[in-house]
Amino acid sequence: MPTDHRAVLAKIKRFDQLIAYLRDEMGWPIARDSFEDVDDLFYDFTADELGIDPKTAAKIESIKRLRPLSPRQPWGIFFVKFEPKKLPVVALRRILSQVALKKRASANSAERTAWAADDLLFISNYGEGDERTITFAHFSQDGTKQDLPVLKVLGWNDGDTALHLDGVASELTSKLGWPAEEGDVQAWRKQWGSAFTLRHGRGRSRRRWSTTSTPTASPTCTRRPSPTACSRRASPIRRRRRPTTSPATCAPIRSCGS
């Protein structure tokens with residue numbers, strides 16, 4: 001029986017529920033679907049271990065890194081649970097700064113695995129009560145290396161429209177599914193990276209799978225202009241006539257000999 005991705009995604013509010021979807025629908029080779037026994041599935045980090053300041057750390061409930069599922073896996077995959085109802089971008093950037101490769105590694109990070117910023121995938125869970133949101137986040141370097149990495153996201157919650165959920169399911173299964181050829185690392189990077197097209201903060205209405213409505217005329221354009229307002233525009237253009245000289249006033253033509 002085909003999976004009703006729309007219904008399944010709407011019910012996913014926790015990481016353990018997401019793990020089952022990653023395994024069953026996206027082909028990720030994960031043996032467990034529960035977070036209760038994480039010793040052989042995740043590495044745990046604390047904000048203090050990553051050198052994150054106390055103010056930012058207060059927004060972070062947990063940080064877990066998924067152990068490599070393949071020896072050829074180029075991606076570092078982090079599951080981050082936040083307290084706020086909105087994705088705390090500053091906190092996510094703080095984590096990125098601690099796990100991404102640097103030109104000069106500090107003594108504290110010498111024994112810590114690091115990745116290029118483009119090779120990191122952050123799966124976040126945030127929100128209040130039952131209104132939890134799942135977001136896949138990816139940083140990419142646009143322009144010069146001096147610019148901050150651009151955050152692009154793919155996320156959903158149970159309050160999203162059916163169209164949005166269908167679009168998210170399509171992106172997850174077709175682009176973030178586990179690759180059949182693990183050996184082609186560049187193709188793997190390109191495939192997963194292609195799932196992230198929406199910059200954070202641009203609004204979900206701009207996604208490419210959103211419906212396109214027929215543009216309607218502006219209310220100010222549908223009103224019939226008043227005669228006074230249009231009289232100047234509607235009046236015919238008056239042409240200036242060339243001055244004519246009456247024959248009676250014309251001076252007589254004199255001959256050369258007169």
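Matching residues to (1) assigned to a helix (DSSP H, G or I); (2) under 23 Å from the mean Cα position of the chain (by Cα):
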| site | (1), (2) |
| --- | --- |
| Thr3 | no, no |
| Leu18 | yes, yes |
| Met26 | no, yes |
| Leu50 | no, no |
| Thr56 | yes, yes |
| Ile63 | no, yes |
| Gln73 | no, no |
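Residue-wise test of (1) in a helix (DSSP H, G or I); (2) on the phi > 0 side of the Ramachandran plot; (3) out of contact with any Lys or Arg (no Cβ under 8 Å at 6 or more places or on another chain).
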position: Ala137; (1), (2), (3): no, no, no
position: Leu163; (1), (2), (3): yes, no, yes
position: Glu171; (1), (2), (3): yes, no, yes
position: Ser174; (1), (2), (3): yes, no, yes
position: Pro179; (1), (2), (3): no, no, yes
position: Ala187; (1), (2), (3): yes, no, yes
position: Trp192; (1), (2), (3): yes, no, no
position: Ala195; (1), (2), (3): no, no, no
position: Gly201; (1), (2), (3): no, yes, yes
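Using beta carbons and a limit of 7 Å, which pairs, at least six apart or on different chains, have the first residue in the stretch 1-24 and modelled with pLDDT of 90 or more and the second one among the hydroxyl-bearing types (Ser, Thr, Tyr) and buried (at least 19 other Cβ atoms within 10 Å of the Cβ)?
Val8/Tyr21; Ile12/Tyr21
Go through Ala91, Ala57, Ala114, Ala107 for me and flag whichever is modelled with pLDDT under 90, hydrophobic (A, V, I, L, M, F, W, C) and surrounded by 13 or more Cβ atoms within 10 Å (Cβ to Cβ).
Checking each option against the conditions leaves just Ala114.
Ala234: more than 15 Å from the chain's Cα centre (by Cα), modelled with pLDDT of 75 or more, of a type outside the set (S, T, N, Q) and more than 30 Å from Trp75 (Cα to Cα), yes or no?
Judged against the criteria, Ala234 is not a match.
For the stretch 118-162, name all the residues that are at pLDDT 95 or above and loosely packed, with under 15 Cβ neighbours inside 10 Å.
none
The values are calculated or read from the model by the stated rules, or taken from the named source; none is laboratory data. The structure displayed is predicted, hence computed values, not measured ones. When we count neighbours, we look across all protein chains shown, and the Cβ atoms used for this are built from the backbone with ideal geometry, even at glycine.
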